[in-house]
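What follows is one structure encoded as structure tokens, with my remarks underneath.
We did not get these values from a lab; they are worked out from the coordinates using the rules stated. From a predicted model like this one, the values you see are computed outputs, not experimental measurements. Here the Cβ positions follow ideal geometry from the backbone for every residue, glycine too, while neighbour counts run over all protein chains shown.
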Amino acid sequence: MPSDDSLESYRSKRHFEKTPEPMGGKEEPLKHPIYVIQKHDASHLHYDLRLEVGGVLMSWAVPKGPSTDPKVKRLAMPTEDHPIEYATFEGVIPEGQYGAGTVMVWDTGTYRNIRGEKQPSEKATMEEAYKKGKIEVWLEGEKLKGGYALIRTGRLEEKRGWLLIKMRDEYADKPQDPVKTEPNSALTGRTMEEIAGEAKR
Ligand code: MN
């Protein structure tokens with residue numbers, strides 16, 4: 001959850017003299033909040049979904065990545081808030097460092113809090129939606145578009161598991177399996193191998 005020290009966990013896991021990741025800091029909330037999904041080839045390949053809320057990037061690790069099929073529920077495990085600067089980070093986290101492996105900006109864009117638009121009150125902010133475990137956002141990404149829900153599940157409470165689900169709208173099933181059909185960087189067009197190779201030079 002964003003708070004004044006919400007990046008403490010992010011910083012405590014990293015040695016900034018050894019990783020190219022940005023140290024960053026909490027910023028003013030953005031007028032048009034951004035969203036990013038980073039493809040991260042760490043010990044297990046996964047996708048990190050991040051939504052800017054309150055000047056930091058709220059984050060979930062999605063092992064299988066997003067689906068555009070409303071019938072498919074993808075596990076999303078909450079991870080530490082990241083600084084806004086992280087949204088454009090592509091590169092290689094060196095071996096031995098936290099999250100070692102290649103990071104790609106797989107998709108990026110802006111989002112709207114659609115639950116907040118339905119009930120424009122204090123209680124429908126992203127912070128409140130997070131606390132309640134029910135977030136609904138409209139993504140305007142390079143690859144993903146339309147409504148996505150993030151729902152905290154009771155069953156996985158002990159592991160704080162959430163589910164990422166495509167909402168039913170005109171963008172459902174388009175494209176059907178974007179992590180497979182559009183594997184390259186939304187920022188630079190590079191493949192994972194190209195990012196890894198260029199970082200070695
Ligand atoms: Mn990750």
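For each of Tyr35, Tyr148, Tyr171, Tyr98, count neighbouring Cβ atoms within 10 Å of the residue's Cβ, then give the residues from fewest to most.
Details: Tyr35 24, Tyr148 28, Tyr171 17, Tyr98 14.
In increasing order of surrounding Cβ atoms, one gets Tyr98, Tyr171, Tyr35, Tyr148.
So which of Lys13/Lys71; Lys18/Lys131; Lys31/Lys73; Lys31/Lys132; Lys18/Lys166 end up more than 28 Å apart by C-alpha?
On the way: Lys13/Lys71 36 Å; Lys18/Lys131 34 Å; Lys31/Lys73 30 Å; Lys31/Lys132 23 Å; Lys18/Lys166 37 Å.
Table pairs above 28 Å Cα-Cα are Lys13/Lys71; Lys18/Lys131; Lys31/Lys73; Lys18/Lys166.
Output needed: percent of Cα pairs per 5 Å distance bin for region 1-112, bins running from 0 to the one holding the longest distance.
2, 13, 21, 26, 20, 11, 4, 1, 0
Using modelled amide H (1.01 Å from N, peptide plane; none on Pro or chain starts), what sits under 5 Å from the amide H of Tyr98, excluding residues fewer than 5 places away?
Placed amide hydrogens put His15 under 5 Å from Tyr98.
Taking θ as phi - 60°, what are the ³J(HN,Hα) couplings along region 107-113 by the Karplus curve (6.51, -1.76, 1.60), each to the nearest whole Hz, with x for Gly and Pro?
Here the 3J(HN,Hα) series is 8, 7, x, 10, 9, 10, 7 Hz.
Using the Cα centre of region 8-187 as the reference point, and only Cβ charges (+1 on K/R, -1 on D/E), how large is the resulting charge dipole? Debye, rounded to the nearest 20. Can you show the working numbers first?
Values: 29 positive and 29 negative charges, 158 e Å.
The dipole of region 8-187 has a size of about 760 debye.
Got a sec? Charge dipole of region 60-201, +1 on Cβ for Lys and Arg, -1 for Asp and Glu; which of Thr108, Thr181, Gly161 is way out at the positive end?
Working it through, the farthest residue towards the positive pole turns out to be Gly161.
Out of residues 5 or more away from Gly109 or on other chains, whose amide H comes under 5 Å of its own, with H placed 1.01 Å from N in the peptide plane?
Residues meeting the criterion, in which the H sits 1.01 Å from N, are Tyr35.
Would you calculate a helix-derived [θ] at 222 nm for the chain, using -39,500 (n - 2.57) for each DSSP H run of n ≥ 4 and dividing by the full residue count, to the nearest 500? Mind dumping the intermediate values first?
Values: 5 runs with 30 residues, N = 201.
The helix-only estimate for the chain comes to -3500 deg cm²/dmol at 222 nm.
Sort Trp162, Trp138, Trp106 so that the residue with the fewest other Cβ atoms within 10 Å of its own Cβ comes first and the one with the most comes last. Before the final figure, lay out each step's value.
On the way: Trp162 25, Trp138 18, Trp106 29.
Going from sparsest to densest Cβ surroundings: Trp138, Trp162, Trp106.
Just to check I understand the Karplus step: with θ = phi - 60° and J = 6.51 cos²θ - 1.76 cosθ + 1.60, what whole-Hz values come out for region 95-101, glycine and proline as x?
Result, rounded to whole Hz: 4, x, 9, 4, x, 3, x.
Mind computing the radius of gyration and Dmax over the alpha-carbon atoms of the chain? Å is fine for both.
16.2, 51
Say we join alpha carbon atoms closer than 10 Å with springs in a Gaussian network model of the chain; which of Asp169, Asp48, Asp107 then has the biggest fluctuation?
The residue with the greatest mean-square fluctuation here is Asp169.
Using θ = phi - 60° and the Karplus curve 6.51 cos²θ - 1.76 cosθ + 1.60, what whole-Hz ³J(HN,Hα) does each residue of region 42-52 get, with Gly and Pro shown as x?
Using θ = phi - 60°, the values come out as 8, 4, 10, 4, 8, 10, 9, 8, 10, 10, 6 Hz.
What's the exposure ranking of Lys26, Lys71, going from fewest to most Cβ atoms within 10 Å?
Working: Lys26 17, Lys71 10.
Taking fewest neighbouring Cβ atoms as first place, the list is Lys71, Lys26.
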